[in-house]
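Just so you know, all these numbers are worked out from the coordinates, no wet-lab data involved. If you're wondering where the values come from, they're calculated on a predicted model, not measured in any experiment. Note that each Cβ is placed from the backbone with ideal geometry, even for glycine, and that neighbours are counted across all protein chains shown.
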Ligand code: MRU
């Protein structure tokens, strides 16, 4: 199945916290259960969060207890439910712009439909959410083709976190590019950084690539610089959670890789759909999510640090545009010095 789907009036998704040990599909029948799934990273990755946001509003529409039988007041109360759910969903994870984008797109579709009927509004919300999910797959396919042309036969590509099919509805962005290059007959091997503290690289990227039979080597995050210095990395490709005029937000550790890539003259690519661009904000307007200290202090029941140790645990960092060779989108490859400004209009 795809990373996230709508089935029988509920959202179904692959629980990514259990991978690679267990492949389990979970059901979200209410908005609070979806918010829990987003907050605990059962569903994660910017494009997948866009779909989750859209489906979340559709779920709010389907679970609202207001019905058509009553008056205009009833529709207003229904819309009030939708807006309240929209705000709650958006607040679960503030950095990836796709989440708010997906939520706002479905709310706008309902409003613009002009309907005053609850049953019709439910249909509009669901159709828009399904469209977001379908478009994500198509966009990633186009993006992947554009990116594949940048890879050369024999390349070893370093990636960070997971920008694969599980971070999207399907296909993937950074990993989609690698898949498309392999499908085009190029021999590509991947170096996957483990991505502490939640290990999306070791748990998810490595798992996805092994399933596809694409050679992948897992490294500690701190091994990247040494590999670059030894000439073992040809390119870096990562995904993005938000792209502003001045920086690219992505998983914590991305900035470090960009500095290392610059130092060693290695092309540094970001693969992301246009929905990840933020035309309004700049770096310091964006909230970087600070996560639970226990993600660093322990793994399960095993303590990695003394209980109560002070912790700083930002989920994302910002990479200045100057460190980026190009951004690969569904509409083509954007080089920061040329078409950069137009991408934000
Ligand atoms: O905290 P996560 O796992 O949601 O972070 C995910 C990332 O940082 C990805 O690189 C990004 O969302 C791009 S996914 C195509």
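Protection proxy ranking of 213-220, 126-133, 278-285, by the mean of other Cβ atoms within 10 Å over each peptide's residues and highest first, is 126-133, 213-220, 278-285. Evaluated on the range 149-342, the Kirkwood hydrodynamic radius is 17.1 Å, with distances taken between all distinct Cα atoms. Both numbers refer to the Cα atoms of the range 1-61; Rg and Dmax are 10.5, 35 Å.
Hey, if you drop one equal point scatterer on each alpha-carbon of the range 221-307 and run the Debye formula without solvent, what base-10 log of I(q)/I(0) do you get at q = 0.24, 0.26 Å⁻¹? Debye output, listed in q order: -1.09, -1.17. Helix 46-63 axis versus longest C-alpha principal axis of the chain: approximately 10°, rounded to the nearest ten.
Is the shape of the range 51-131 rounded, prolate or oblate, going by the alpha carbon gyration tensor and its root eigenvalues a ≥ b ≥ c, with a/c under 1.5 for rounded and a/b larger than b/c for prolate? Prolate, since a/c reaches 1.5 and a/b exceeds b/c.
In the chain, helices alone account for a calculated mean residue ellipticity at 222 nm of -12500 deg cm²/dmol, with every DSSP H run of four or more residues adding -39,500 (n - 2.57).
Here residue 88 and residue 149 are evaluated by their C-beta separation; at R0 = 51 Å the FRET efficiency comes out at 0.75.
With kT/(6 pi eta Rh) evaluated at 10 °C and eta = 1.306 mPa s, and Rh the Kirkwood radius from Cα pairs, the chain diffuses with a coefficient of 77 µm²/s according to Stokes-Einstein.
Within the range 4-141, the proportion of Cα pairs with more than 19 Å between them is 46 percent.
Of all the options 40, 202, 275, the one that moves most in a Gaussian network model of the chain with Cα springs shorter than 10 angstrom is 40.
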